[in-house]
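What follows is a short report on a single structure.
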Amino acid sequence: MNRRDLLKTPLFLAMAKPCCELPGLPPTAYLRQGSTLAIDLRQATALQKMGGAARIRDEALQLHLVVAQTAPGVFHAWHGACTHGGAPLAYDARHGTALCSSVGHSEFGAQGEVVRGPAPRPVQVFPVKRTGETLTVELEAAR
Ligand code: FES
């Protein structure tokens, strides 16, 4: 196998994939109404399975969230940036935590608490309620 073939193997691609990539949701999948954000699960395919997660980054709406289905039918939302240096957070389905993409890899629990530093303080989390195929994120009720 030559180098070019090696680079195309599934194992190499899995190893080369950054740890913290998250799919973004299309703007049609969510709607902000005042202090709430409604997410249409039918359009949010990344959130439809347990362990799935997505990033919502919308400058116009001043939103940066990581949303994940942390248990069957249970969803959590974290602010999308690390409190250490502002690097994007992703979701670690193995531990149910939000994981920083920087070298430090700070980790935040379901309540936003620092599980592993160097992050100096918790990250904001937002209550998420599911009603049918809609998730409602309470943006003003951040903890
Ligand atoms: S920015 Fe997250 S650990 Fe430094």
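Read the figures in this text as sums done on the coordinates, not as results from a lab. For clarity, every value in this text was computed on a predicted model and none was experimentally measured. Note that each Cβ is placed from the backbone with ideal geometry, even for glycine, and that neighbours are counted across all protein chains shown.
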**Q.** Dipole axis of region 13-143 (+1 Lys, Arg; -1 Asp, Glu on Cβ), positive-most option in V125, G109, G85
**A.** G109
**Q.** Given charges at beta-carbon only (K, R positive; D, E negative), |dipole| of region 19-141 in Debye
**A.** 160
Q | Selected from L22, Q33, H64, residue furthest toward positive end of dipole (region 19-141; charges at beta carbon) | A | L22
